[in-house]
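*Asks:* Before we start, here is the structure in question, set down as structure tokens.
Just so it is clear, none of the values below were taken in a lab; they were calculated from the coordinates. Every value quoted in this text rests on a predicted model; they were computed, and no experiment measured them. FYI the Cβ positions are ideal-geometry reconstructions off the backbone, even for glycines, and counts take in every protein chain you see.
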Amino acid sequence: MTTITFRDHAYDCNSDESVLACLTRHGLTLPSSCQSGVCQTCMMRATAGSVPEKAQQGLKPTQKSQGYFLACVCIPTGDMTVEQADALNQFTSTVCEKSMLNEEIIRIRIDKPEGFDYHPGQFINIVRDNGALVRSYSLASVADEPLELHIKAIPGGAMSGWVKNHLSVGDPITFQGPTGDCFYLDGKPEQTITMVGVSTGLAPLYGVVRDALAQGHRGPITVYHASLATAGLYYIEEMRALAAAHDNVRYVPCVLHGPAPEGGEVGAVDAIVGATGDFTNHRVFLCGDPPIVNKLRQKVYLGGAHMLEILSDPFDPAPSAGNEQ
Ligand SMILES: Cc1cc2nc3c(=O)[nH]c(=O)nc-3n(C[C@H](O)[C@H](O)[C@H](O)COP(=O)(O)OP(=O)(O)OC[C@H]3O[C@@H](n4cnc5c(N)ncnc54)[C@H](O)[C@@H]3O)c2cc1C
Ligand code: FES
């Protein structure tokens, strides 16, 4: 048992409990979303006590040196005094476009706020109710385009339901970020790139592939977009146009249940991609449904891809946050 001191109160923390779980168990409400060390919504700062290395994975060296850590994956090894991180990199901007990409996927575009710099493919955390509700969404936009998000409407979803039913063009929207390492790095312009997006997992890839081309990538790029059926796919024409305009880009729409979309495949996407065999020296991007992303990560690793060349964003859902508002 360790002690967590927060806002001048001491709280008992069980031996296998994270700082976030401990403070939540004691009745405090703190911002959190993925609860798996990905989204950085739960960032806190230690003013005393040591921070386990795992709780700082993915943070910038400057943040690490100042004691910032992710409370959801911080199992204390000794007593700690902690405080809430300032709203790091928080922006409020305006929704400038909203439309449906298919029956369940909403596209919103947001005016790019001054001072917001990002790599296409990174994600932002949309914040509502002063941090009581936070969810991550990947950036499909590039350069100075308005920020573009593809959001799947989840039945009863707190954030996606609000976006679908209540958010309108002209409304303010608050977000934090950018976060994540799922983006293109130049330096290997001839490398083979394999991208797999499941459902809205296409969003970051649509940003990454256009960014790679803009940076002069010449190696082959294959983008697999997977859904249960053709109705769940979107941006089919945009992706075909991209492939038609660039000899090195191949677009493969994949559906679990037929009929096959034109130029596409039917079957489980992990089997389709896995069957292509050798991933030695490939850079691989995997985004969307967590079980499929995790299966594919293992397959491409066993197929020869280097761990550091596999960039993935499993869209882990937050533990249930209550009803749509
Ligand atoms: C790094 C990262 C990037 C992400 N990028 C995107 C993105 O670009 N586009 C996007 O649409 N989402 C993305 N997500 C997922 C997103 O953050 C939310 O989890 C999702 O929108 C659901 O939030 P909600 O508040 O609407 O639903 P919640 O209120 O959190 O959930 C309502 C209920 O639905 C269940 N549920 C949640 N997600 C799903 C699902 N996918 N399928 C079935 N049931 C579900 C929950 O377990 C819960 O029971 C990303 C997640 C992460 C971690
Ligand atoms: S990183 Fe802790 S809630 Fe997402």
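*Asks:* Could you give me the ³J(HN,Hα) list for the stretch 70-76, computed from phi with Karplus coefficients 6.51, -1.76, 1.60 and θ = phi - 60°, whole Hz, x at Gly and Pro?
*Replies:* Residue by residue, the stretch 70-76 yields 9, 5, 6, 10, 9, 8, x Hz.
*Asks:* Tell me, what HN-Hα J-couplings in whole Hz come from the Karplus equation 6.51 cos²θ - 1.76 cosθ + 1.60 at θ = phi - 60° for each residue of the stretch 51-59, using x for Gly and Pro?
*Replies:* 9, x, 4, 4, 6, 10, 5, x, 7
*Asks:* Rounded to the nearest 20 debye, what is the charge dipole size of the chain about its Cα centre when +1 sits on each Lys and Arg Cβ and -1 on each Asp and Glu Cβ?
*Replies:* 220
*Asks:* Hydropathy at least 1.6 by Kyte-Doolittle, axial extent at least 30 angstrom from the Cα trace: which helices of the chain, defined as entire DSSP H runs, fit?
*Replies:* None clear 30 Å together with a mean of 1.6.
*Asks:* If you don't mind, another one. Starting from the Cα gyration tensor of the stretch 202-260, take the square roots of the eigenvalues, sort them a ≥ b ≥ c, and report rounded, prolate or oblate (rounded when a/c is under 1.5, otherwise prolate if a/b is larger than b/c, else oblate).
*Replies:* Because a/c hits 1.5 or more and a/b exceeds b/c, the stretch 202-260 counts as prolate.
*Asks:* Using the Karplus curve 6.51 cos²θ - 1.76 cosθ + 1.60 with θ = phi - 60°, what ³J(HN,Hα) values do you get for each residue of the stretch 116-123, in whole Hz, with x for Gly and Pro?
*Replies:* 8, 10, 8, 9, x, x, 6, 10
*Asks:* How would the chain be classified by its alpha-carbon gyration tensor: rounded, prolate or oblate, with rounded meaning a/c under 1.5 and the a/b versus b/c comparison settling the rest? Could the numbers behind the result be given before it?
*Replies:* Details: a/c = 1.88, a/b = 1.53, b/c = 1.22.
In terms of gyration-tensor shape, prolate.
*Asks:* Let me ask another. For labels at ASP129 and LEU256 in the simple 7 Å Cα→Cβ model, what's the distance in nm?
*Replies:* 3.1
*Asks:* Turning to a different aspect of this structure: Can you tell me which of ASP270, ASP144, ASP211 moves the most in a GNM of the chain? Springs connect C-alpha atoms under 10 Å apart.
*Replies:* Evaluated over the chain, the most mobile residue of the options is ASP144.
*Asks:* Under a plain spin-label model, where a point goes 7 Å from the Cα along Cα-to-Cβ, how far apart in nm are ASP278 and HIS26?
*Replies:* 5.7
*Asks:* Using modelled amide H (1.01 Å from N, peptide plane; none on Pro or chain starts), what sits under 5 Å from the amide H of TYR251, excluding residues fewer than 5 places away?
*Replies:* The list, which skips near neighbours in sequence, is VAL223.
*Asks:* Here's something else I'd like to know. Please compute the modelled spin-label separation between THR81 and ASP186, points set 7 Å along Cα→Cβ, answer in nm with one decimal.
*Replies:* The two pseudo-label positions are separated by 4.8 nm.
*Asks:* Over every pair of different alpha-carbon atoms in the stretch 194-325, take the mean of 1/r and invert it; report that Kirkwood radius in Å.
*Replies:* Over the stretch 194-325, the inverse of the mean reciprocal pair distance is 15.2 Å.
*Asks:* Take the chain, mark every one of the trypsin sites (Lys or Arg not before Pro) that falls in a DSSP loop and has at most 15 other Cβ within 10 Å, then report the longest stretch left between them, sites excluded.
*Replies:* It works out to 8-217.
*Asks:* Taking Cα centroids, how far is the stretch 18-40 from the stretch 123-195 in Å?
*Replies:* Using only Cα atoms to place each centre, the spacing works out to 21 Å.
*Asks:* Looking at the stretch 94-125, which GluC sites (Glu not before Pro) are in a loop (DSSP not H, G, I, E or B) and have at most 10 other Cβ atoms within 10 Å?
*Replies:* GLU103, GLU114
*Asks:* Which residue fluctuates the most in the chain, going by a Gaussian network model with Cα springs under 10 Å, if the choices are GLY274, GLY78, GLY197?
*Replies:* GLY78
*Asks:* Sequence-distant or interchain residues sharing an amide H contact under 5 Å with TYR11, placed H: which?
*Replies:* ILE4, THR5, PHE6
*Asks:* Go through ILE108, ALA48, ALA245 and say which Cα lies farthest out towards the positive end of the charge dipole of the chain; charges sit on Cβ, +1 for Lys and Arg, -1 for Asp and Glu.
*Replies:* ALA48
*Asks:* Now for a separate question. Say R0 is 25 Å: what FRET efficiency, to the nearest 0.05, do ARG218 and ASP117 get from their beta-carbon distance?
*Replies:* 0.45
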